[in-house]
Amino acid sequence: MGFRIEEAKEKWRGMRASTGFHNFVLFLAFVAVATLFWLVMSLNDSVTKTFEVALKIENVPDTVTFINEPPEMFHVTLRDKGTNILRSGVLGKPHVGFNFRDFSENGILHVTKTDINSAVKGAFGNTAQITAVSLDSLYLHYTTDKGRRVPVVVVADVSAAPGMVISESSKPLQRYALVYSYSEAIDTITRVYTQPIVRRNLSETTEVEVPLSPIPTVKIVPSSVKVKIPVEPLVKKESVATVSALNVPEGESLLLFPNRVQVVYYVPMSLFNSDLVPVDVTVDYRDIYKYSGDRLPVSIHSFADYVESPQMFTDSVEYTLVKQ
């Protein structure tokens, strides 16, 4: 290995001492000088370029809230010498600022086209010829009133995958928002809504970031919220439900045997250990006149929203009519 390194060094010394190597180095030097000369000449020519310019409203009091926010950026197309373009627009980061106190009055901040062009001139220099500005003017409403606190309502159309269930209503992690406005419309706002959330075949609890639906002349803070969609697996549960009687006339009662029946249903896993029986089983007094004998049909009258596929294995119970 040492022999090879020494051999390579010896070849390099021989190459460096050759006439061809010196000619090559001289050629590279001429190319570099020519390139530099071309670059200097090019930069002295006038060029047209479009820049992204940062916009800032300065010295805004803490009590001020803009209803419509100013843009963060706008585009400027200008023509100038390449050296000036390089210095002010490429090497630097062009930006313009407007003092809030100089342009605000009675809830409105107004910056004219002339003001914007003057600020751009100041940012790029008086030699720059402005050919286009994407921002024509600024007309921003603001308020110094404190925001009104209103609840956030989730608008959702969601469903779970087979064997799963949406165990609760979708809820925003931030339950309230602040609304600001320069108009009397704020007095009619009692809540704000999310934009519709549509999700299908959810197999696990999901959080989504969703914008709040905009309201004209109103600013909502925050403009979006995270919403939690709780998803749980369904588990089978068996319980014993008490049978109740419907439409029994005053002065009468029904004695039922058995008065409790077994029901089977599916619930979210988190509710499996609950002692509450979320299924109502009933008989109807009026069925006495529809059926002969001493038995009344039983049916599932209602069940909780989180219950799936309730069933019972008893189709009727005996009854005794008691008149008081």
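The values are calculated or read from the model by the stated rules, or taken from the named source; none is laboratory data. Quantities reported herein were computed from a predicted structural model and do not represent experimental measurements. Positions of Cβ are backbone-derived with ideal geometry, glycine not excepted, and every protein chain shown enters the neighbour counts. Accessible surface areas use protein heavy atoms only, side chains included; no ligands, DNA or RNA. Shrake-Rupley method; radii C 1.70, N 1.55, O 1.52, S 1.80 Å.
Things worth noting here:
- Looking only at the range 134-146, and only at residues there that are open to solvent by less than 30 Å² (accessible area, probe 1.4 Å) and in contact with an Asp or Glu (Cβ under 9 Å, 6 or more places away or on another chain), the one that is farthest from Thr194 (Cα to Cα): Leu138
Yes or no, residue by residue, for (1) farther than 28 Å from Val225 by Cβ; (2) touching a residue at least 40 places away in the same chain (Cβ under 8 Å):
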{"site": "Ala132", "(1), (2)": "yes, yes"}
{"site": "Asp136", "(1), (2)": "yes, no"}
{"site": "Thr144", "(1), (2)": "no, yes"}
{"site": "Gly163", "(1), (2)": "yes, yes"}
{"site": "Ala177", "(1), (2)": "no, yes"}
{"site": "Ala185", "(1), (2)": "no, no"}
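- Within the range 290-313, the set of residues being hydrophobic (A, V, I, L, M, F, W, C), at pLDDT below 95, surrounded by 13 or more Cβ atoms within 10 Å (Cβ to Cβ) and not in a strand (DSSP E or B) comprises Ala304, Val307.
- Some residue of the range 246-262 being in contact with an Asp or Glu (Cβ under 8 Å, 6 or more places away or on another chain) and among the aliphatic types (A, V, I, L, M): yes
- Residues in the range 147-182 that are under 15 Å from the mean Cα position of the chain (by Cα) and among the small types (Gly, Ala, Ser): Ala156, Ser170, Ala177.
- Any hit, the range 147-168, residues being touching a helix residue (DSSP H, G or I) at 6+ places or on another chain (Cβ under 6 Å), open to solvent by less than 60 Å² (accessible area, probe 1.4 Å) and assigned to a loop (DSSP other than H, G, I, E, B): no
- Members of the range 111-133 found to be outside any helix (DSSP H, G or I), open to solvent by 30 Å² or more (accessible area, probe 1.4 Å) and out of contact with any Leu (no Cβ under 7 Å at 6 or more places or on another chain), listed by number: Thr112, Asn126, Thr127, Ala132, Val133
- Qualifying residue in the range 260-279 (condition: farther than 28 Å from Ser167 by Cβ and touching a residue at least 12 places away in the same chain (Cβ under 8 Å)): no
- Looking across Glu209, Glu204, one residue alone is at pLDDT below 95 and either in a loop (DSSP other than H, G, I, E, B) or open to solvent by 50 Å² or more (accessible area, probe 1.4 Å) (or both). It is Glu204.
- From the list Val240, Val277, Val227, Val221, the one residue that fits, being hydrophobic (A, V, I, L, M, F, W, C) and under 30 Å from Ile108 (Cβ atoms), is Val221.
- Odd one out for Gly251, checked against (1) more than 40 Å from the chain's Cα centre (by Cα); (2) loosely packed, with under 14 Cβ neighbours inside 10 Å; (3) without any contact (Cβ under 8 Å) to a residue 60 or more places away in the chain: (3)
- All conditions but one from (1) of a type in the set (A, V, I, L, M, F, W, C); (2) loosely packed, with under 13 Cβ neighbours inside 10 Å; (3) under 21 Å from Ser270 (Cβ atoms) apply to Val221; the one that does not is (3).
- Within the range 136-162, being under 30 Å from Ser203 (Cβ atoms) and out of contact with any Phe, Trp or Tyr (no Cβ under 9 Å at 6 or more places or on another chain) holds for Ala156, Asp157, Val158, Ser159, Ala160, Ala161, Pro162.
- Checked against the criterion of being surrounded by 15 or more Cβ atoms within 10 Å (Cβ to Cβ), modelled with pLDDT of 90 or more, touching a strand residue (DSSP E or B) at 6+ places or on another chain (Cβ under 8 Å) and not acidic (Asp, Glu), the candidates Val317, Val264 yield just one match: Val317.
- When the range 273-289 is filtered for residues that are among the hydrophobic types (A, V, I, L, M, F, W, C), outside any strand (DSSP E or B) and more than 17 Å from Leu255 (Cα to Cα), the ones remaining, listed by number, are Leu276, Val277.
- Failed item, numbered, when Val235 is tested on (1) β-branched (Val, Ile, Thr); (2) in contact (Cβ under 8 Å) with a residue 40 or more places away in the chain; (3) surrounded by fewer than 17 Cβ atoms within 10 Å (Cβ to Cβ); (4) in a strand (DSSP E or B): (2)
- Residue, most open to solvent (accessible area, probe 1.4 Å), within the range 169-192, restricted to residues that are within 13 Å of Lys219 (Cα to Cα) and assigned to a strand (DSSP E or B): Leu178
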